[in-house]
Amino acid sequence: MPVGTYGAVKSLEVNDLKQIGSQIILGNTFHLNLRPSLDIISHFKGLHNFINWQAPILTDSGGFQVFSLGKLRKITEEGVQFRSPINGDKLFISPEKSIDIQHQLGSDIIMVFDECTPYPATYHEVEKSMQLSMRWAKRCYDFHHTNTQDHGTKRGALFPIIQGGMHLDLRKNSIEMLQEIEYKGQYNEFKGMALGGFSVGEPMELMYKTLSEIMPFVPTDKPRYLMGVGRPLDILHSISCGVDMFDCVLPSRNARNGNLFTWQGILKLRNARYKKDDKPIDENCTCLACQHYSRAYLHHLDKINESLGDRLCTIHNLHFYHELTAQARLAIEENHFNQFHQHNQHLHNPIA
Ligand SMILES: [Zn+2]
C-alpha cells in the first residue's frame with residue numbers, strides 16, 4: 001500500500017496510482033485530523049471524495065505518532081495528550097476518538113489505537129505497553145460496534161494490532177488477548193490482524209527472527225498485515241513467514257532521493273555515470289518512466305530539482321513494489337516461492 005499521509009501519495013495524482021496498479025492507499029488519521037482537519041473532510045463526506053480516490057483507503061490510528069512524536073505526548077489510561085507539531089496546540093486522542101475520526105474519514109480499513117512500543121525497552125516496559133494496547137483494542141472494538149453516528153460515510157473493517165516487542169511470549173499473549181476480545185464480544189468486528197512495533201530501530205536480524213517465530217501463531221483466516229515494513233528483501237522475508245499486507249514510505253521517499261529499486265539492484269540516480277546513459281531505469285520495467293525516459297534525463301531532472309523527476313521516479317519505485325509482490329504471489333501459486341526468494345537476494349545491492 002503506497003502511503004499518502006496527508007491524503008496524497010507525494011508527487012502523484014490518482015490516475016498515476018491507478019496506472020501503476022495501486023488498489024489501496026494509506027492515509028494518516030493523526031495528520032489528516034490536523035490538516036486539513038476533520039471539519040473540512042466531513043464537509044466532503046469523507047476522504048475518498050475529498051481526494052478523488054474511489055478505491056479502498058486504510059487509515060492508521062495515530063498510534064504510530066504515540067511513538068514518533070516522543071516528547072510531544074503524554075500517555076494515560078484514558079488516551080494520549082499530544083502537542084500539535086504544527087502550532088503546539090493541545091490535542092487529546094483516545095481509542096474512541098481515533099475510531100470516530102476514522103469513521104468520519106470513511107476509511108475502508110480502520111486500525112485500532114495502540115501504543116507502538118519503542119525499541120529498546122525493558123521486558124517490563126514492553127509488557128505494560130502491550131497490555132495497555134490490548135485494553136485500548138477492546139475499547140476500539142466496542143466503540144466501532146456501537147458508534148451509531150451517521151457521518152454519511154461507509155463503515156470500514158476494523159483491524160487489531162499485535163504488540164509485544166521482540167518477545168515471543170508477549171506477542172503470543174497479545175494474540176490471545178485479541179482473540180478473547182473477539183470471542184467475548186461476539187460481534188465479529190476484527191477483519192484482519194496486524195503486527196505493529198516492528199521496524200522501530202531494532203536490528204533487522206532481530207525483526208526477521210521475531211517475525212519468523214510469531215507468525216505461526218497469527219490466525220490464518222484473516223489478512224495478516226505487517227505495519228511500516230520495508231525494503232524489498234524485508235517484504236520477501238515477511239511473505240515467506242506468511243504476511244499478506246504491507247505499507248511503507250520507502251519506495252516513494254527513496255524515489256525522491258534518487259534511490260531507485262530495480263530487479264538488478266539499487267540504482268543511485270545521482271551517480272555521475274548516468275549523465276549520458278540512454279537506457280531506462282530498468283529495461284524489464286513497464287512503468288511510464290521506463291517506457292519513455294532515459295536515466296540521463298531523470299538524472300538531469302533530479303539535479304535541477306524538477307518535480308517531474310519526483311513524479312517519474314515515484315511511479316517507477318511504486319510500480320516495482322507492486323511488481324515485486326505480484327511476482328511473489330505468482331511464485332506462491334506456482335509453488336516456487338523459496339526459489340524466487342533465493343534468486344532475488346541481490347535486490348539491496350547497488351546495481352552492477
Ligand atoms: Zn520503471
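Any chance you could count how many residues in segment 20-51 are assigned to a helix (DSSP H, G or I), touching a helix residue (DSSP H, G or I) at 6+ places or on another chain (Cβ under 7 Å) and surrounded by fewer than 20 Cβ atoms within 10 Å (Cβ to Cβ)?
Of the residues in segment 20-51, 3 are assigned to a helix (DSSP H, G or I), touching a helix residue (DSSP H, G or I) at 6+ places or on another chain (Cβ under 7 Å) and surrounded by fewer than 20 Cβ atoms within 10 Å (Cβ to Cβ).
If only one of 324, 308, 330 is within 24 Å of the chain's Cα centre (by Cα), closer than 20 Å to residue 249 by Cα and either outside the structural domain of residue 225 (by TED's automatic domain parsing) or not in a helix (DSSP H, G or I) (or both), which one is it?
That would be 324, the only listed residue that is within 24 Å of the chain's Cα centre (by Cα), closer than 20 Å to residue 249 by Cα and either outside the structural domain of residue 225 (by TED's automatic domain parsing) or not in a helix (DSSP H, G or I) (or both).
Please find, among 291, 339, the residue that is within 25 Å of residue 17 (Cβ to Cβ) and either more than 25 Å from the chain's Cα centre (by Cα) or away from the ligand (no atom under 14 Å from the Cβ) (or both).
Exactly one residue qualifies, and that residue is 291.
Only one of (1) in contact (Cβ under 8 Å) with a residue 60 or more places away in the chain; (2) within 17 Å of residue 30 (Cα to Cα) is not met by residue 115, so which one is it?
(1)
So if I check each of 297, 321, which one is in contact with a strand residue (DSSP E or B) (Cβ under 8 Å, 6 or more places away or on another chain) and either among the hydroxyl-bearing types (Ser, Thr, Tyr) or within 11 Å of the ligand (Cβ to nearest atom) (or both)?
321
Of all the strands (runs of 3 or more DSSP E) wholly in segment 59-154, which have at least 2 residues that are within 18 Å of residue 35 (Cα to Cα) and in contact with a helix residue (DSSP H, G or I) (Cβ under 9 Å, 6 or more places away or on another chain)?
Of the strands (runs of 3 or more DSSP E) lying wholly inside segment 59-154, those with at least 2 residues that are within 18 Å of residue 35 (Cα to Cα) and in contact with a helix residue (DSSP H, G or I) (Cβ under 9 Å, 6 or more places away or on another chain) span 80-83, 90-93.
Considering only segment 302-318, state which residues are without any contact (Cβ under 8 Å) to a residue 12 or more places away in the chain and either within 11 Å of the ligand (Cβ to nearest atom) or crowded, with 20+ Cβ neighbours inside 10 Å (or both).
Result: 309, single match.
Considering segment 266-288 alone, what residues qualify as being assigned to a loop (DSSP other than H, G, I, E, B) and more than 8 Å from the ligand (Cβ to nearest atom)? Walk me through it before giving the result.
Of all residues in segment 266-288, those assigned to a loop (DSSP other than H, G, I, E, B) come to 269-271, 275-287.
Residues satisfying the conditions are 269, 270, 271, 275, 276, 277, 278, 279, 283, 284.
Just checking, does segment 277-284 include any residue being closer than 20 Å to residue 236 by Cβ and modelled with pLDDT of 95 or more?
Scanning segment 277-284 turns up at least one residue that is closer than 20 Å to residue 236 by Cβ and modelled with pLDDT of 95 or more.
The values are calculated or read from the model by the stated rules, or taken from the named source; none is laboratory data. Predicted model, so just to flag it, every value in this text is computed and none were measured. FYI the Cβ positions are ideal-geometry reconstructions off the backbone, even for glycines, and counts take in every protein chain you see.
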